[in-house]
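Right, one structure below, let's go through it.
Each value in this text was obtained by applying a stated rule to the coordinates, not by laboratory testing. The shown structure was predicted, so the numbers you read here are calculated from the model rather than taken from an experiment. Cβ placement follows ideal geometry from the backbone for every residue including glycine, while neighbour counts extend to all protein chains displayed.
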């Protein structure tokens, strides 16, 4: 899979994954689709509501690629 592949669930183009160069190699996160919430790692898959990682961390939005973003406090 690469960034130009289509989502295997909704067909949206341009699925994405994070990557980090740690000096001795590159660490890759899961591919994910922001259109439908699909993630290749089940803990980040949000097609049927909040994903497992977001349920465990309710103060954060967790993206299908595994990114965590603090929710605004109202």
Which values, in whole Å and largest first, are the semi-axes of the equivalent ellipsoid of the chain obtained as the square root of 5 times each eigenvalue of the Cα gyration tensor?
-> 21, 18, 10
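What is the order of 70, 17, 47, fewest Cβ neighbours within 10 Å to most? Spell out each step's value before the answer.
Numbers: 70 9, 17 18, 47 13.
Starting with the residue having the fewest Cβ neighbours, the order is 70, 47, 17.
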Label-point separation in nm, residue 22 to residue 34, each point 7 Å along Cα→Cβ | 2.6
What percent do you get for the relative contact order of segment 19-70 when only Cα pairs under 8 Å and 6+ apart count?
-> 28
Expected sort for 24, 62 with the fewest Cβ neighbours (10 Å cutoff) up front is 24, 62
Distance in nm between residue 69 and residue 6 label points, each 7 Å along Cα→Cβ, equals 2.7
